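Input: a single structure, listed below in structure tokens.
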Amino acid sequence: MKLLVVKPHRASFDYSVSFKKGDRVRVGREDPEMPGWYWCENIDGLWSWVPEEYMEMRGDVATITNEYDTGELTVEKGEVLEHVAEVHLWTLCRSRDGRQGWVPTANLEKTR
């Protein structure tokens, strides 16, 4: 499915964190503005938001159940992106030049 960027988005972080299936993470707080997203620390001590669907939580420790990269796309209004997945108000997209990352779903609109 093609998506049109209707509002620009700047990546929140200048880094991304990759998680592999089976990785164990320390689970911090849930995002009060976006329930279902948890602030998690990987084995290298890097913190990032992880959706609950990608973890099996047991208290303050979780096992990653799906490969996941936290990278966001910086996009401009008018760009056309390819839909990859959607989780809790964020959409994983692929740009025409092959970059892949997350964009807030509210910034996107379905197009032909």
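The values are calculated or read from the model by the stated rules, or taken from the named source; none is laboratory data. Predicted model, so just to flag it, every value in this text is computed and none were measured. Cβ placement follows ideal geometry from the backbone for every residue including glycine, while neighbour counts extend to all protein chains displayed. Just so you know, the surface numbers come from the protein's heavy atoms only, side chains and all, with ligands and any DNA or RNA stripped out. Shrake-Rupley method; radii C 1.70, N 1.55, O 1.52, S 1.80 Å.
Odds and ends about this structure:
- Matching residues in region 47-65 - criterion: being exposed (fewer than 14 other Cβ atoms within 10 Å of the Cβ) and under 21 Å from Ser12 (Cβ atoms): Glu53
- Scope region 15-46; condition among the acidic types (Asp, Glu), under 21 Å from Leu89 (Cα atoms) and open to solvent by 60 Å² or more (accessible area, probe 1.4 Å); matching residues: Glu30, Glu33
- Checking Val87, Val75 one by one, the residue that is at pLDDT below 95 and open to solvent by less than 50 Å² (accessible area, probe 1.4 Å) is Val87 and no other.
- Checking Lys7, Lys21 one by one, the residue that is out of contact with any His (no Cβ under 7 Å at 6 or more places or on another chain) and within 23 Å of Lys110 (Cβ to Cβ) is Lys7 and no other.
- Of all residues in region 93-112, those satisfying the criterion of being within 16 Å of Phe13 (Cα to Cα) and open to solvent by less than 50 Å² (accessible area, probe 1.4 Å) are Gly101, Trp102, Val103, Pro104.
- Matching residues, region 11-54, being aliphatic (A, V, I, L, M) and either in a loop (DSSP other than H, G, I, E, B) or on the phi > 0 side of the Ramachandran plot (or both): Ala11, Val17, Met34, Ile43, Leu46
- Taking the numbered list (1) in contact with an Asp or Glu (Cβ under 9 Å, 6 or more places away or on another chain); (2) in contact (Cβ under 8 Å) with a residue 40 or more places away in the chain; (3) farther than 20 Å from Asp23 by Cβ in turn, Arg96 passes all entries but (2).
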